[in-house]
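Worksheet: one structure, shown below.
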Amino acid sequence: MNVNPKTIITLIGESSVGFTNAKDNEIILNQIIEKGYNSAKMDVLLALNAKADEKYHNFEVKHGERIQATLDLEAKLTEEMNYYANDRKLAFQVFGGEQDIAIRNQLGIDMPLKKSLYGFIEQAQQFYETIFKKKEILSRLDEFAMTAEKIQLRLNGLSALRVLDDIQENKKGLAAIARRERTESYDELRIAWGKFKTVCLIVFKKNQEHLKMLNIKPPAVRTTKGTASKNSNTTTVKVEMPADME
C-alpha cells in the first residue's frame with residue numbers, strides 16, 4: 001500500500017501529542033482508565049508511536065540509499081558505454097575490410113549496440129577480452145593508442161559496473177523491506193490512534209478543552225431543519241456529529 005509521507009508524519013505528530021498529554025495529565029488519565037487506558041497502556045501506545053517514527057525515518061534513509069545506488073550505476077553505465085562505443089568505432093576503422101570479417105565476429109562488432117545492462121556488459125566483455133588475449137589484434141590497434149593497459153582499465157570498468165549493479169539490487173531490496181515495515185507500523189499506529197480517539201470522544205464529550213489537549217478535534221455541531229407540525233412551523237435542532245475518524 002502506498003501511503004503519502006505527509007499522512008504518516010501527520011499521524012505520528014498528532015498521536016504523539018495525544019498519547020503524551022494523556023499520560024502526563026493525571027486528571028485526563030483518571031477519566032480514561034475505566035476504558036482501559038491506564039499508564040501502562042499509554043506506554044504501549046507511545047512505543048507504537050516511536051516505532052512508527054523510527055520506521056518512517058529508516059525508510060527515508062534506505063530510499064535515499066537506493067536512489068544514490070541507482071544514480072551511481074547509471075553514471076558508470078553511461079561512462080562505460082561511451083568508451084565502448086568509441087572503441088568499437090576505431091576497431092571498425094582497422095578491421096572494416098572483407099578480409100577481417102572473422103576478427104569482427106570475434107570482437108562482436110558486427111552486432112548492433114545493446115542497450116540493456118547485461119546485454120551491454122556481455123557485448124563489451126567479449127570485445128575487450130578478445131583484444132586483450134589476442135596480441136595480433138591488439139598490435140593492429142596501436143595506431144589509435146589502444147594499449148593493453150587501457151584495455152585492462154575497460155575490463156576493470158565492467159567489473160565495477162557489475163559491483164554497482166549488485167549494490168543497487170541490494171539497496172533496492174532493503175528499501176522494499178523498509179517500506180513494508182513503515183507501512184505496517186503506520187497501520188498499527190493508525191488503528192491504535194483511532195481507538196484512542198473514539199474513547200476520548202466518548203469520555204470527554206462535554207469537555208472540549210481536554211479534547212484539544214489530546215489533539216483530538218471536538219465533535220462538530222450542525223444545525224438542521226425539521227417539520228414540527230402540519231402548519232410547517234420549523235424548529236432548530238442541534239445535532240452533535242462525531243469527528244471523522246481515520
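Some points to look at:
- Among the candidates GLY173, GLY96, the residue that is outside any helix (DSSP H, G or I) and either under 24 Å from LEU73 (Cα atoms) or at pLDDT below 95 (or both) is uniquely GLY96.
- Among residues of segment 4-51 being hydrophobic (A, V, I, L, M, F, W, C) and in contact with a Lys or Arg (Cβ under 8 Å, 6 or more places away or on another chain), the one that is farthest from GLY194 (Cα to Cα) is LEU29.
- Scanning segment 142-154 for residues that are surrounded by fewer than 17 Cβ atoms within 10 Å (Cβ to Cβ) and in contact (Cβ under 8 Å) with a residue 12 or more places away in the chain yields a count of 4.
- Whenever a residue of segment 56-79 is within 18 Å of LYS6 (Cβ to Cβ) and loosely packed, with under 13 Cβ neighbours inside 10 Å, it has no partner that is modelled with pLDDT of 95 or more and of a type in the set (Val, Ile, Thr) lying with C-beta atoms less than 6 angstrom away and at least six residues away or across chains.
- The condition (being under 22 Å from LEU174 (Cα atoms), at pLDDT 95 or above and in contact with an Asp or Glu (Cβ under 7 Å, 6 or more places away or on another chain)) is satisfied by just one residue among LYS62, LYS55, LYS51: LYS55.
- Residue check, LYS205 more than 24 Å from ASP43 (Cβ to Cβ), surrounded by 13 or more Cβ atoms within 10 Å (Cβ to Cβ) and at pLDDT below 95: yes
- Residues within segment 155-169 that are within 15 Å of the chain's Cα centre (by Cα) and in contact (Cβ under 8 Å) with a residue 12 or more places away in the chain, tallied: 1
- Candidate set from segment 8-29 (those that are outside any loop (DSSP other than H, G, I, E, B), in contact (Cβ under 8 Å) with a residue 12 or more places away in the chain and polar (S, T, N, Q)); member that is surrounded by the most Cβ atoms within 10 Å (Cβ to Cβ): SER15
- Screening ALA85, ALA50, ALA40 for residues that are small (Gly, Ala, Ser), part of a helix (DSSP H, G or I) and surrounded by 13 or more Cβ atoms within 10 Å (Cβ to Cβ) leaves exactly one candidate, ALA50.
- Restricting segment 214-246 to residues that are of a type in the set (A, V, I, L, M) and over 34 Å from the mean Cα position of the chain (by Cα), the residue that is modelled with the highest pLDDT: ALA220
- Subset tally (residues that are in a loop (DSSP other than H, G, I, E, B), in contact (Cβ under 8 Å) with a residue 24 or more places away in the chain and in contact with a Lys or Arg (Cβ under 9 Å, 6 or more places away or on another chain)) for segment 108-141: 1
- In segment 88-107, the residues that are free of Cβ contacts under 8 Å to residues at least 12 places away in the same chain and loosely packed, with under 14 Cβ neighbours inside 10 Å: LYS89, GLY96, GLY97, GLU98, GLN99, ILE101, ALA102, ASN105
The values are calculated or read from the model by the stated rules, or taken from the named source; none is laboratory data. Bear in mind the structure is a predicted one, so any value in this text is a computation, not a measurement. Please note: Cβ atoms are built from the backbone with ideal geometry, for glycine as well, and neighbour counts cover all protein chains shown.
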